[in-house]
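Below is one structure; the comments refer to it alone.
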Amino acid sequence: MQTALPVPLDSKPHSPQPLPVTRTLVISGLVAALGGLLFGFDTAVIAGATHSLTRVFSLTAATLGVTVSSALWGTVVGALLGGYAGERFGRRDSLRIMAVLYLISAIGCALAGNWYFLLVSRIIGGLGIGGSSVLGPMYIAEISPARLRGRMVGFFQFNVVVGILFAYFSNYLISLTKSGINEWRWQLAAPALPSLIFLFLLFAIPRSPRWLVAKKRFGEARDVLAKVGEINPQGELAQIIESVKLEERLSGEKLFTRSHRLPIFLAVTIAIFCQFSGINAVLYYLNDIFSAAGASANSGGIQTIAVGATNLVFTSLAMLVIDKVGRRILLLIGSVGMAATLLGIALIFKTQMHRELLVWLLIGYCASFSFSLGAVIWVYMSEVFPNGVRAKGQTLGSLTHWMMNAIIAIAFPMLAARSSAYPFLFFAAMMVVQFFVVLFVYPETKNVSLEDMQLKMSTTS
C-alpha cells in the first residue's frame, strides 16, 4: 500500500476512467518478458544434451553434475551483479548486456572444442540468466502502471515456464534430424536466435522512469510515464520522486537483526524447500530419468514435452487462484501431491516395476510443484520483508535459491548413479517436512497489505 502524496498544482486528479493500454507499454512489457523466455530456455535446454555430452567428453557422474551446474554458479554471480548493473547503466541497457551474454554462451557452447571451453560458455550463459532474473521483473514493474503491474510482472514468470517448454520442444525437433555426434551442438546453439531477436528489440523500448528519476532526468521520466499510459504523469512522477527519497533514507537499515528473524527464516526455508522438492533436478535431467526407466530417445523426448506442457498449464492455473485461495493452502496442497508422486517415482526405480506409470507420476509431480511452490516462492519472498530491507531480503532468498539449485544439480547424478531411487526418496521426505513447517510456521499473506504484514512479522519475531 502506498501513502497518498500531495499532487502538484500543475497536475490533475486521477481519472476514474479505465487505464489505457498503450502501444509503448505493450511492446515494452513483451520485450522485457522475452528475457524470462530466454531464462527458461537457457536453463532447461541442457536436459536434451546430457547423454551426448557424457559420450563426447567422457563425463563421469561427478563431471556431468559440474557441467549442468556450471551455468547455475554463473547465475548466482549474475543475480548479485544484476542489481548493481541496473542501477549503474539502467535496466534496459543492462538487459542488452544480458542478451549479449546469452548470445555469446549459445555460440560458445556450439563451438566448444573441449570440456573447459564448454564450462566457460555455460557460466557466461548463467550470468545472463541471473541478471535477467533480477532486471526483467524490475524493468516491467517500473514501466507498468500500478493497476497492470501484477499481471505484467507475472507474465515474466509465465514466460520462464514457456521457455522451459520451448527448450524441450526444440531438443525434440533437433533429435528428429538425426544429427549424430553433433546433435548436442545444435541443441545448445538453439538459444542464439531468440537471444539475437531479444537484443534487437531492446533498442525499441524506453528506459525505466524510476531509473531516470534516480538520475535526476525528470523530464524524460515524465515523457515515458505519458507514453506507457499514465493518466496523470506529473502526479505519478511526484510519487516516484518521493519513493526514491524514502528508499535512500531506509537504505542503511540492517537485515540481520532480531526483528527480522521470521522473515529471514521464511525466505531462506522456502528457497531451500523449492530446491529440495527436486524440481530442477527433474528439469535438468528429465531425459536421463526417462532413459533410466527404459524409454527410447524418441518417446523420452515426447514425454519431456508433456511434462513441460503440464508445468505451463498448472502455472497458469495457480496464477489465477493464488490471490483467492492463498499462499499457505497452495503450499500445503502441493506438499502432499509432491510427496506422494515422488514416493511413487522412487518405488518404480527401486522395484523396476510399473515403469509405464513413470510419465504420469512425473506429470502429477510437476503439476503439484507448478501449482504450489513454483507459483508462490517469488510472491511470498516479496511480501514477508518490511520496506526498509525488502530488496536485501529478496536478494538473500534469491541467492539461497540459486546456490541450492547448483548444489542439487551437482549432487543428483552422483546420488542417482548409486541408486535412482535415493534422490526421489530424499525429495519426498523433504516435502513431508515442508508440509509441517508451512502448517505450523508460515503466515498467510493473502489480502494483507505490506504495511500490515510488516506489523504482523514484528510482533511474532
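So how tilted is helix 233-250 from the main axis of the chain? Cα-based, degrees 0 to 90, rounded to 10.
70 degrees
Under 14 Å between alpha carbons, and skipping anything fewer than 8 positions from K227 in its own chain: which aspartates and glutamates qualify?
By straight Cα distance, K227 reaches E142, E236.
For Cα Rg over 2.2 N^0.38 Å, the choices are (i) 0.99; (ii) 0.95; (iii) 1.11; which was calculated from the structure?
Answer by label: (i).
To make sure I understand the rule: partners must be lysines, Cα under 29 Å from the Cα of K254, and not fewer than 8 residues away in the same chain. Which ones qualify?
Those lysines meeting the cut-off are K215, K216, K245, K392, K446, K456.
Given Cα pairs under 8 Å that are at least 6 residues apart, what percent is the relative contact order of the chain?
Values: 723 pairs, mean separation 105.9, N = 461.
Value for the chain: 23 percent.
How much accessible surface area, in Å² rounded to 10, belongs to the heavy atoms of R328 with a 1.4 Å probe?
Surface open to solvent at R328 totals about 50 Å².
Within region 115-148, list the residues whose amide N lies under 18 Å from a label point set 7 Å along Cα→Cβ of T22.
Residues 139-148 fall inside that zone.
Can you send over the solvent-accessible area of D223, 1.4 Å probe, protein chains only, in Å² to the nearest 10?
90 Å²
Measure off, as a whole percent, the carbon and sulfur share of the 1.4 Å-probe accessible area of the chain, all protein chains present.
Numbers: 13590 of 19970 Å².
Result for the chain: 68 percent of the exposed heavy-atom area is carbon or sulfur.
So for region 227-373, Kirkwood radius off the Cα pairs, Stokes-Einstein at 4 °C and 1.567 mPa s: how many µm² s⁻¹?
Numbers: Rh = 18.7 Å.
Answer from the Stokes-Einstein relation: 69 µm²/s.
Find the accessible area per residue for the chain; the probe is 1.4 Å, ligands and nucleic acids are left out, and the unit is Å². Don't jump to the answer; show the numbers that get you there.
Working: 19970 Å² over 461 residues.
That works out to 43 Å² per residue.
Which order do Y422, Y139 take when ranked by solvent-accessible area (1.4 Å probe, heavy atoms of all protein chains), largest first?
Correct descending sequence by accessible area is Y422, Y139.
Got a sec? What order do R92, R185, R249 fall in by accessible area at 1.4 Å, biggest, i.e. largest, first?
My answer, sorted largest first, is R249, R185, R92.
Using a 1.4 Å probe and ignoring any ligands, DNA or RNA, find the accessible area of Y84 and quote it in Å² to the nearest 10.
150 Å²
Going by a ≥ b ≥ c, the root eigenvalues of the Cα gyration tensor, does region 215-275 fall in the rounded group (a/c under 1.5), the prolate group (a/b larger than b/c) or the oblate group?
Prolate, since a/c reaches 1.5 and a/b exceeds b/c.
Expressed as an acute angle from 0 to 90° and rounded to the nearest 10, what is the orientation of the C-alpha long axis of helix 192-201 relative to the principal long axis of the chain?
Compared with the principal axis, the helix lies near 10 degrees.
Output the 0 to 90 degree angle, nearest 10, between the alpha-carbon long axis of helix 261-276 and the longest principal axis computed from the alpha carbons of the chain.
30 degrees
Provide the gained length on full extension for the span S316 to T177, in nm with one decimal, where the gain is 0.36 nm per separating residue minus the Cα-Cα distance.
46.8 nm
Could you tell me the center-to-center distance, by alpha carbons, between region 25-102 and region 144-191 in angstrom?
11 Å
The values are calculated or read from the model by the stated rules, or taken from the named source; none is laboratory data. The structure presented is a predicted model; accordingly, all values stated were derived computationally and were not measured. Counting neighbours? That spans all protein chains shown, and the Cβs are built from the backbone with ideal geometry, glycine included. The accessibility values were calculated without ligands, DNA or RNA, using every heavy atom of the protein model including side chains. Shrake-Rupley method; radii C 1.70, N 1.55, O 1.52, S 1.80 Å.
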